[in-house]
Every structure is written in structure tokens, then in C-alpha cells.
1. Say we look at region 194-222 and pick out the residues that are more than 21 Å from P253 (Cα to Cα) and among the hydroxyl-bearing types (S, T, Y); which of these is surrounded by the most Cβ atoms within 10 Å (Cβ to Cβ)?
2. Does V154 count as in a helix (DSSP H, G or I) and in the same structural domain as L136 (by TED's automatic domain parsing)?
3. For residues in region 1-41 being under 11 Å from L149 (Cα atoms) and in contact with a helix residue (DSSP H, G or I) (Cβ under 9 Å, 6 or more places away or on another chain), which is surrounded by the most Cβ atoms within 10 Å (Cβ to Cβ)?
4. Just one of the numbered conditions (1) closer than 19 Å to T222 by Cβ; (2) hydroxyl-bearing (S, T, Y); (3) under 16 Å from the mean Cα position of the chain (by Cα) is not true of Y175; which one?
5. Among strands (runs of 3 or more DSSP E) lying entirely in region 27-135, which contain 1 or more residues that are in contact with a Leu (Cβ under 9 Å, 6 or more places away or on another chain) and modelled with pLDDT of 80 or more?
6. Can you name the number of the only condition in (1) crowded, with 20+ Cβ neighbours inside 10 Å; (2) more than 18 Å from I238 (Cα to Cα) that T188 fails?
Amino acid sequence: MRIPAKMTAVVLTGYGGFDNLSIRHDVPVPSPGPDEVRIPVGACGVNNTDINTRLGWCAPAMRKAADNDVALAEDAPGGWSGALSFPRIQGADVAGHIAAVGHGARRSRHSDRRTRHCGTAPAGSRLSQRSVLQRLSGSELDGGFAAYLTVPAVNAFPVVSDLSDTELATLPCSYSTAENMLTRIRVTRQGTLLVTGTSGGVGSALIQLAKRRDAKILAVTTAPKKDAVAALGADQVIDREAVSPGALKEMLPEDGVDAVADVVGGSGFSALIRMICQADGG
């Protein structure tokens, strides 16, 4: 495949609104470095990771500026590790085919269909969790809001699926987060799981992945979204606005729940902790 010298990309030029996103057609196509692969982007998802990075949620200076109603310096750090610099190409959830491999990457991976993990930690590394937080595509590294991107080969996962690239690009961040939560709490077909924030990406993924485990799922959401959440597989849907966090226990089965997957936090988090402790006799 012939690779052009320049590509189209959506470039983030600073923290803030959509006016800080610029469509450019003169961005150099990246070349894969050692142990990297280059991907023509088939599709790239947009999730809260991208939005929050653009808004500067992870920038201490951004939070301080908001608290004190003062302007933020243009060069204030604020990626997931504090290392974000501009201009930056965002986009963490990518699907496509490998079109080139750098030195050290397996040549046999050329043309592999793949989706990618959003971090850059070497597989099996004891520092892998920390490394993922330090180097995130679309934050510390350029991401998939472009025609091409390069990523470490270890973070490009082979895909054998009938799903389209567009469908695959909805999976990496939200579904890997949900899968990790369910694996850590060992949800099984005998378990009853309470899930909050079920209309969001991670919440809806939790319902679908827990249903594949044959768990019983109690979902918390707002009234307008109850039907959509039920359609994902929830066994019971609770209207978040009709019950306070402290009274939520009264809405649960008599034998309680085995685990809670909370993706909301906030004032209701402590009530969920107490609920679990009481169920365990704590």
C-alpha cells in the first residue's frame, strides 16, 4: 500500500471547547519506530477520556484556574501523567489494519486487523499499570483522530471478528475497563451484581459482559433510559432519581447483592460501601 507523506488529522491546539480543534490536511504521516506498527485508521471512537483531556480535567493548573476564575497558561501541563503538550492528535479507541512495522516488530503482523489498548506498557511488565497511565494515546501520544497513527506493537491486539471497524472502535477503553472490573470482583453466574451509571460506555459494557457470565444484574439509571438499559440485559432497572443512595438497599432483593460495580462515585459511593459491608456482616 502506498503511504502519502501528509495526512488529514484533527489537531487539538489547547484546552477548551471545539474551537481548539483544527482539521488539518498537512500533518506528516508518522513512521513506526522500533517495536512499533503503523495503522491506517479504519475507525476511531470518541469517549470521555478524549473529552476530559481536551477540557483539561487532569491539569492541576486547569483545576486551580477554574476554582479561582483566572486564565490558564497556554503551556500548562495536563495529560494523564501531566505531560500533555500541544498540538496533539486525540483519539484512544482505534481499529484498523497494520500497514507497516518498525524494527523489532514481527513482520508477520503486516496486514493484521487489530484494535488497540490505549496505553503503552510492555506486556508482563511490573510497571505496566503505571506506564499505561503515563503514556496514553490522544494525551501523551498522538492518537486516532487522523488517517494514520503509530503504536507500540505490544498494544496492537489481533482481531478475528465479523464486527466492522466502526463497531470495534467502540470497545477498547470502555469494555476493557468493564472486563477488568468484573474479573477483579470475580462475577459468576451465581452472583448478583449492582451496576450504577448504566447508560454510559463502561456501565453498558458492564451489563453486557456480566450477562455473558449469567450473573443477575441490577442496574441504576435515569427514568428516560430505563428501557434502553433493560434491553442490554439488566434483570432489574432502578430509577436513580426516585430513590436516594441511602434508601437504595430497600430496592434490592432480600438476600442483597454480591458485588457493586460503581462508575459514578460522588455522594452515593459511601452508601454503596456500607451496603456491601452490611451484606458481608461487617
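1. Among residues in region 194-222 that are more than 21 Å from P253 (Cα to Cα) and among the hydroxyl-bearing types (S, T, Y), the one surrounded by the most Cβ atoms within 10 Å (Cβ to Cβ) is S204.
2. yes
3. Top of the filtered list is V37.
4. Looking at each condition in turn, Y175 falls short on (1).
5. 36-45, 93-97
6. (1)
The values are calculated or read from the model by the stated rules, or taken from the named source; none is laboratory data. Because the structure is a prediction, the values reported are computed rather than measured. Here Cβ is always computed from backbone atoms with ideal geometry, including for glycine, and neighbour counts include all displayed protein chains.
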